[in-house]
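Trainee: Okay, here's the structure, questions in a sec.
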Amino acid sequence: MARKKVALDFEQSLAELQQLVERLESGELSLEDSLTCFEQGIGLTRDCQAALSQAEQKVQILLERDGKLQEAPFEADSEA
């Protein structure tokens, strides 16, 4: 269930980020609203990047087991 939650969080964050980009590109926002959207976008970008990094680490763990696909536990960085 945790995998589905992470995937859903990633997908939701990515969709929100796309909406923010569209709003910013429209050119209809005030400077203050644009800065608020930009700040939200930076947060969403960091969330998405952290999820992708964790997925990449998981794949790396799976592939580096003597050529055999063996899952190993890994601890995600709390800073990501």
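Trainee: Sum up the charges of everything whose Cβ sits under 12 Å from the Cβ of ASP33, counting Lys and Arg as +1 and Asp and Glu as -1, but leave ASP33 out.
Mentor: With Lys, Arg at +1 and Asp, Glu at -1, the net is -2.
Trainee: Let me ask something else about it. Between ILE61 and SER34, what is the label-point separation in nm under the 7 Å Cα-to-beta-carbon projection?
Mentor: With each label placed 7 Å out from Cα toward Cβ, I get 4.3 nm.
Trainee: Within the P(r) computed for the range 1-62, what percentage of the Cα pairs occupies the region above 15 Å?
Mentor: Counting pairs separated by more than 15 Å, the tail of P(r) holds 56 percent.
Trainee: Just grab the label-to-label distance for GLU11 and SER26, each label 7 Å out from Cα along the Cβ direction, in nm (one decimal).
Mentor: Between GLU11 and SER26, the label points sit 2.5 nm apart.
Read-outs throughout are calculated quantities, based only on the coordinates presented, and are distinct from any laboratory measurement. This is a predicted model, so every value here is computed, not measured. Every residue, glycine as well, gets a Cβ built from its backbone with ideal geometry; the counts of neighbours run over all protein chains shown.
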